[in-house]
Amino acid sequence: MYKKIIAAIALGAIAVGQAKAQSSVTLYGIVDTGLAYVHNSEGQSSQWRMAPSNLSATSWGLKGTEDLGGGLSAIFQIENGFDGSNGNLATAGRLFSRQAWVGMATPFGTVTLGRQYDPLTDLEQGLTADTFSGWFATPGDIDNYDSSARFNNAVKWVSPAWNGLTAEAMYALGGVAGATGSGQTWSAALAYSRAPFNIAGGYLHIDNGNANVGQRGTSTSDTLFNTPINAAYASARTINIARVGANLVLGGFTVGAAYSYSQYASDAASTYAGSEKYHNGSIFAQYNFTPAFMVIGAYNYTRALGDSSAKYHQINVGTDYLLSKRTDVYALAGYQHAMGDNGQGPAEASIGSYGIPAGKSTQEAVVIGLRHRF
């Protein structure tokens, strides 16, 4: 694996060196690491830990375009995620875990093929507090608010902008012989932007694998079952997610709200009956005192219905200060209170999408960090 990484970096350096002879090739990346204190972590009272990827995922990548004439361009992007605290791959065994696709840009839209983000991530996520940090995401990221899932074998179309309106659609092929729909994913979203107002919404359907033909949990989607919040429903037949988000930008002041509905549907191979449903609502406010200094606060409420009865209240605050155009320092704090039952027992807290189970009904966390872009 390390030989592959070295080879990829070498190829990237060659590509950048040849960029002048082609249309465009860019090497880019982010390193984001902080020091965190967590109260209630995996059943223990307190923990000091390194906390990578707090505002942005630590990653590096290559992207490029070649002008083919006639309004056509060939495009590509490959992006590796890694742990800034120890250098390990963010996803074991997967070099380009974040993105790996090739496509064509045309006057009628862009078509890309490979490992990609879904349309909701592209169009709706940036209108929420998640654009600042995944610490602000839905508890356990049960609705893919913070892109815990990316999608393999995906074909995606992105429209041109039509008077502020943008559309996207994606289909990911399951690839299971004899069962066309097993493991498939499909999604569509719309966004409208007319200053100072922005709104977007859409739908995401994930097939979690056909237990009769393949294996439950074998899907084009990465797993969403990363915390005790929804771990009881890892045997779900399908996951269906609808999300909508909007914000209003008035000078240095931004306010926004989002809502999602997630359904984890069962079948005869599931370990639970019926459907588990989650309603999630969030609000946030952000103020930029100067172009270099900002603060943000948010509230998130999640309610489970169906097989379980958990409720989660979450409060987050954060601040960021730019030392330069490429380097900034930041601080984050979060609190979550869980109540009811999560399908396995008493509900556990787990702030945002960072997957640290509390082992208790409450969790508090504070982090300070440094981010550098290149």
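Suppose we keep only residues that are over 19 Å from the mean Cα position of the chain (by Cα) and in a loop (DSSP other than H, G, I, E, B) within segment 347-363. Which one would you say is nearest to Ser309 (Cα to Cα)?
Residue satisfying both the conditions and the ranking: Ala347.
Could you say whether any residue in segment 222-229 is assigned to a strand (DSSP E or B), in contact with a Gly (Cβ under 8 Å, 6 or more places away or on another chain) and modelled with pLDDT of 95 or more? Don't jump to the end; show me each part of the working.
If we filter segment 222-229 for residues that are assigned to a strand (DSSP E or B), which is where we start, we get none.
No - not one qualifying residue is present in segment 222-229.
Considering only residues that are hydrophobic (A, V, I, L, M, F, W, C) and surrounded by 14 or more Cβ atoms within 10 Å (Cβ to Cβ), which ones fall in segment 316-337? Walk me through how you get there before you give the answer.
Taking segment 316-337 as the starting set, the residues that turn out to be hydrophobic (A, V, I, L, M, F, W, C) are 317, 322-323, 329, 331-333.
Answer for segment 316-337, where residues must be hydrophobic (A, V, I, L, M, F, W, C) and surrounded by 14 or more Cβ atoms within 10 Å (Cβ to Cβ): Val317, Leu322, Val329, Ala331, Leu332, Ala333.
Inspect all residues belonging to segment 256-275 and state whether any of them is surrounded by 15 or more Cβ atoms within 10 Å (Cβ to Cβ), under 30 Å from Gly175 (Cβ atoms), within 19 Å of the chain's Cα centre (by Cα) and not hydroxyl-bearing (Ser, Thr, Tyr).
Yes, the conditions are met somewhere in segment 256-275.
Consider segment 147-169. How many of its residues are closer than 20 Å to Ile199 by Cβ and either over 16 Å from the mean Cα position of the chain (by Cα) or not small (Gly, Ala, Ser) (or both)? Talk me through it step by step, then tell me what you get.
Within segment 147-169, the first condition is being closer than 20 Å to Ile199 by Cβ, and the residues that meet it are 147, 158-169.
After this cut, where a residue has to be either over 16 Å from the mean Cα position of the chain (by Cα) or not small (Gly, Ala, Ser) (or both) as well, the list is 158-169.
So the count comes out to 12.
Please find, among Gly175, Gly181, Gly140, Gly114, the residue that is in contact with an Asp or Glu (Cβ under 9 Å, 6 or more places away or on another chain) and more than 19 Å from Ser193 (Cα to Cα). Break it down into steps so the answer makes sense when it comes.
On the way: Gly175 fails: in contact with an Asp or Glu (Cβ under 9 Å, 6 or more places away or on another chain); Gly140 fails: in contact with an Asp or Glu (Cβ under 9 Å, 6 or more places away or on another chain); Gly114 fails: in contact with an Asp or Glu (Cβ under 9 Å, 6 or more places away or on another chain).
None of the others qualify; the one that does is Gly181.
Residues of segment 33-51 being buried (at least 21 other Cβ atoms within 10 Å of the Cβ) and not small (Gly, Ala, Ser), which ones?
If the condition is that a residue be buried (at least 21 other Cβ atoms within 10 Å of the Cβ) and not small (Gly, Ala, Ser), then Val38, Asn40 are the ones that fit.
The values are calculated or read from the model by the stated rules, or taken from the named source; none is laboratory data. Quick caveat: nothing in here was measured; it's all calculated off a predicted structure. Reconstructed Cβ throughout: ideal geometry from the backbone, glycine too, with neighbour counts over all protein chains shown.
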